[in-house]
Amino acid sequence: MFSKLNSIFYSFTNLERRIFQGTLLIFLVTFFLNGANAFYKTTVLEPIEGGRYIEGVVGQPIALNPILAANNDIDRDLIEILFGDITELAETITVDDEKLVWTVKLKEDLLWSDGQPITADDIIFTLESIQNPETHSGVFATWQGIVVQKLSQKEVRFTLKTPYVFFLDNLSTLKIAPEHIFGAIPPANLRLSDYNFEPVGNGPYRVTGYEKNKDGFIHTYHLAANELYIGEKPLIQDFTFKFYPSFETAITAFNKKEIDGLGGLSISNTQSLNIGHQIKEVRIPRYYAIFLNQSTSLPLKDDVVRKALKAATDTKTMVREALDNRAYVSYGPILPGIEGYDATLETIPTTSFNAAAQLLEDDGWIMGEDGIREKTISGNIVRLSFEIIVPDIDYLVSTAQLLEADWKKIGVELILVIMSPSEVSNTAIRNRNYQMLIFGNILKNNPDIFSFWHSSERFRPGLNLSLYNNEDVDGILESIRRDFNTESRLQNIQKLQSYITEDNPAIFLFSPFYLYAAPKNLGGFTTDLITTPSNRFDGITKWYLKTARVFK
């Protein structure tokens, strides 16, 4: 057959051969393109297993133990993917009619990464260890007053003193530790155990080894997919953490492609990344505000002064200039994405220098010769001059400088006192020794903001940094915590935001994004609202580096 076609071909003239060859080429190209088009129309790209991922982290692990780890971000990062929480391990979670007793039933066939069964004893051991003062757990306060009781090998009961509508959120943060590993160790010695560095977990990954320098600095942790994990298996089988003493050294490693991912970046950090990458902007329930301490400043007791200062605070310019638009404006004590957030606050005009100046003028604050307003109160001349404590963080210092310039326009002097973050916490906040303070509040993914605004939290160790005292707000905060009726709870959350924004105990500024640098081929990373930086790993089983086409 082939020889016959060959003889026919050579019987053509040169022109006929060229025409034939051209026609054949067009036919083959068209056939290929049509086939490729049909293939792409009938298939989709799907993530597939494979690849190795190296996460860069600034700092050092101290104890990869859920009982101890709450105070160290690095530990929390690793624990997030090495251990499962109660809600992940539970088959059912129920609450009684009085909303005081929560019963958790574990799934069947749960195993630790060493093959031992996970039981109710592990839950009880974990909670009792956290509640023991000798353990010095970072979540000690969260779990005080809660009684845990074993009902069977797979079932436990939590009994609360008072109803708490957000208790399920607490359970979602409770990672359990293995009793068969730590149970024989005295609580005071838990931090000394070598198992804190070679943990037996129950999450999607398990530790296969770690490396450290002669000076004790741990530089690498090697993880592999945990074949005993009860949930969805991770697509990336090999996951490694590398640790660095500073962001400068971590960024150098990123630019050399020694690591793939790096989180917690500042605006200036992102500008130092040279190789191809993507920046993930993740919303996190954290806002910065100017907390006004009325107990240390006579003018700040004046509601008109507080309103004027708020009106002269240009938060949109701060987001643009101090944070390179990698944040969003905060309008109140609850953020978007949290139950009951009042979006109408965003529609209320806020910044107006003319309105701010007029408020002060009408309130008797007269412009002095030096451009600073003053007023005679009880026979004394009081000037609108304030000191503001600012943590030494680049975008917060830039924010304060913008604020200083803005408030000067309305006759208010602002004196910046820049301190290291540790000095702010250990000195200024501890003693409530400030007139104004720029600081950040980290919320949960729920509207329980009791610790930030209830009058009982005004002094150490409370977090009411404005020393705010409003009996109506106290009652609403208490009601929100115990109200299981969604409709009435939402009404109270709306009232709460209204009271606080009208009283102006603080001037809300912005909520920065959590910035995460990753390779361009990383997929499956979610930018949904996360509670803490370690929660970026919540969906780690869906992360992928490779894809393949499969038929629809």
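Where a number appears in this text, it was derived from the coordinates with a stated rule and is not lab data. This structure is a prediction, so every number in the text was calculated from the model and none was measured. Note that we place each Cβ from the backbone using ideal geometry, even for glycine, and neighbour counts take in every protein chain shown.
Descriptive notes on the structure:
- Rounded to 0.05, the FRET efficiency of the Leu111 and Ser425 pair, given R0 = 35 Å and the Cβ-Cβ distance, is 0.30.
- Each label was represented as a point 7 Å from its Cα along the Cα-to-Cβ direction; for Asp121 and Gln278 these points are 4.6 nm apart.
- Spin-label zone in the range 299-315 - amide nitrogen under 16 Å from a point set 7 Å from the Cα of Ile372 along the C-beta vector: 299-300
- Rounded to 10°, Cα long-axis angle of helix 14-42 versus longest principal axis of the chain: 40
- Residue pairs, from the table Lys307/Lys375; Lys444/Lys546; Lys175/Lys212; Lys154/Lys542; Lys150/Lys175, whose Cα atoms sit over 22 Å apart: Lys444/Lys546; Lys175/Lys212; Lys154/Lys542
- Mean-position separation - Cα centroids, the range 187-215 and the range 441-476, in angstrom: 37
- FRET efficiency for Lys520 and Arg460, using Cβ-Cβ distance with R0 set to 56 Å, rounded to 0.05: 0.75
- Between Thr208 and His222, Leu223, Ala224, the built amide H atoms are under 5 Å apart, and every one of these is 5 or more places off in sequence or on another chain.
- ³J(HN,Hα) computed for each position of the range 507-518 - Karplus, 6.51 cos²θ - 1.76 cosθ + 1.60, integer Hz, glycine/proline x: 10, 6, 10, 7, 10, x, 6, 7, 9, 10, 9, 9
- With neighbour counts taken as other beta-carbon atoms within 10 Å, the residues Thr315, Thr173 rank, fewest first, as Thr173, Thr315.
- Cα-projected label distance for Glu339 with Ser266, points at 7 Å along beta-carbon direction, nm: 3.7
- Each Lys or Arg adds one and each Asp or Glu subtracts one; over the other residues with Cβ under 9 Å from the Cβ of Thr126, this totals -2.
- Burial order of peptide ranges 406-414, 109-117 (average beta-carbon count within 10 Å, highest first): 406-414, 109-117
- Mean Cβ count within 10 Å, highest first, over the residues of peptides 93-100, 466-473, 304-311, 376-383: 304-311, 466-473, 93-100, 376-383
- R0 of 22 Å, Cβ-Cβ distance Ser352-Glu404: FRET efficiency to nearest 0.05: 0.75
- If you sort the three axes of the alpha carbon gyration tensor as a ≥ b ≥ c, you get a/c of 1.5 or more for the chain and a/b no higher than b/c, which makes it oblate.
- Within the range 134-188, the trypsin sites (Lys or Arg not before Pro) that combine a DSSP coil assignment with at most 12 other C-beta atoms in a 10 angstrom radius are Lys161.
- Taking 13 Å as the cut-off, the amide N atoms of the range 406-426 that come nearer than this to a point 7 Å along the Cα-to-beta-carbon line of Glu387 belong to 415-419.
- Exposure proxy ranking, count of Cβ atoms within 10 Å, fewest first, for Phe459, Phe166, Phe291: Phe459, Phe166, Phe291
- Ordering of 235-245, 199-209 by packing [mean C-beta count within 10 Å, highest first]: 199-209, 235-245
- This ranking places Asp342, Asp303 by how few other beta-carbon atoms lie within 10 Å of each, fewest first, which gives Asp303, Asp342.
- Other residues lying with their Cβ under 14 Å from the Cβ of Glu227 contribute a combined charge of -3, Lys and Arg counting +1, Asp and Glu -1.
- C-alpha center-to-center spacing [the range 225-302, the range 371-431] in angstrom: 29
- Interchain or long-range residues, amide H under 5 Å from Leu443's placed H: Arg286, Tyr287
- Here the Karplus curve 6.51 cos²θ - 1.76 cosθ + 1.60, taken at θ = phi - 60°, turns the phi angles of the range 327-339 into couplings of 6, 10, 5, 9, 10, x, x, 10, 9, x, x, 9, 3 Hz, with x standing for Gly and Pro.
- Karplus-based coupling profile of the range 359-364, in residue order and whole Hz: 4, 5, 4, 5, 8, x, with θ = phi - 60° in 6.51 cos²θ - 1.76 cosθ + 1.60 and x standing for Gly or Pro.
- Segment Phe197-Lys161, length gained on full extension (0.36 nm per residue, minus Cα span): 9.4 nm
- Leu490 sits among other residues whose Cβ lies under 13 Å from its own Cβ, and their net charge, with Lys and Arg +1 and Asp and Glu -1, is -2.
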